[in-house]
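Data block below; observations after.
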Amino acid sequence: MRIRLAHRLGIIDHSLASALEIFRRIRNEFAHTFEGQRLQDPPHRDRTDTVIGPVKNNLHIAPIREAVRAGTPGIDLYKLDFVMASGLAIAKLEIVVGLIDRVKDDRAKIAKYP
């Protein structure tokens, strides 16, 4: 609900809203299933691939990914890509929070009710 609202208000774009919905679904499935699960296994694989793809192929993120990989020998690459995608989504949300705080501080000068 909050993701859709933020998207409709223009606070986040469609790609970030979609990624956040996928993260939400994955989190919910992991939280409500008692047996062992992995991101690489169905039904998570398709969802995870959807959020990993844009990050994995991004030229600006590739050097960061390689630095993390070099600093974490033996890390599962699929897990690394998921962590990178999650980190990017969190970073974008932090930017949004800063923008919203600026709007809050401005106090509505034009749109007041009544």
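The values are calculated or read from the model by the stated rules, or taken from the named source; none is laboratory data. All of these numbers come straight from a predicted model, not from anything done at the bench. In this analysis, Cβ positions are derived from the backbone assuming ideal geometry, glycine residues included, and neighbour counts consider all displayed protein chains. Side chains included, ligands, DNA and RNA excluded: accessible areas come from the protein's heavy atoms. Shrake-Rupley method; radii C 1.70, N 1.55, O 1.52, S 1.80 Å.
Assorted remarks:
- For region 70-82, the tally of residues that are open to solvent by 60 Å² or more (accessible area, probe 1.4 Å) and touching a helix residue (DSSP H, G or I) at 6+ places or on another chain (Cβ under 8 Å) stands at 1.
- Count of region 4-16 residues which are open to solvent by less than 30 Å² (accessible area, probe 1.4 Å) and part of a helix (DSSP H, G or I): 2
- Any chance residue 45 is out of contact with any helix residue (DSSP H, G or I) (no Cβ under 6 Å at 6 or more places or on another chain) and open to solvent by 100 Å² or more (accessible area, probe 1.4 Å): no
- Residue check for residue 96: open to solvent by less than 70 Å² (accessible area, probe 1.4 Å), touching a residue at least 40 places away in the same chain (Cβ under 8 Å) and more than 12 Å from the chain's Cα centre (by Cα): yes
- Of all the residues in region 17-69, those that are of a type in the set (A, V, I, L, M), within 15 Å of the chain's Cα centre (by Cα), under 15 Å from residue 82 (Cα atoms) and not in a loop (DSSP other than H, G, I, E, B) number 7.
- Pairs are defined by a Cβ separation below 7 Å, a sequence spacing of at least 6 or placement on different chains, a first member in region 20-40 that is in contact (Cβ under 8 Å) with a residue 40 or more places away in the chain and surrounded by 13 or more Cβ atoms within 10 Å (Cβ to Cβ), and a second member that is among the polar types (S, T, N, Q) and in a helix (DSSP H, G or I); the pairs so defined are 23/86; 39/48.
- When residue 110 is tested against the conditions (1) open to solvent by 50 Å² or more (accessible area, probe 1.4 Å); (2) at pLDDT 70 or above, the lone failure is (2).
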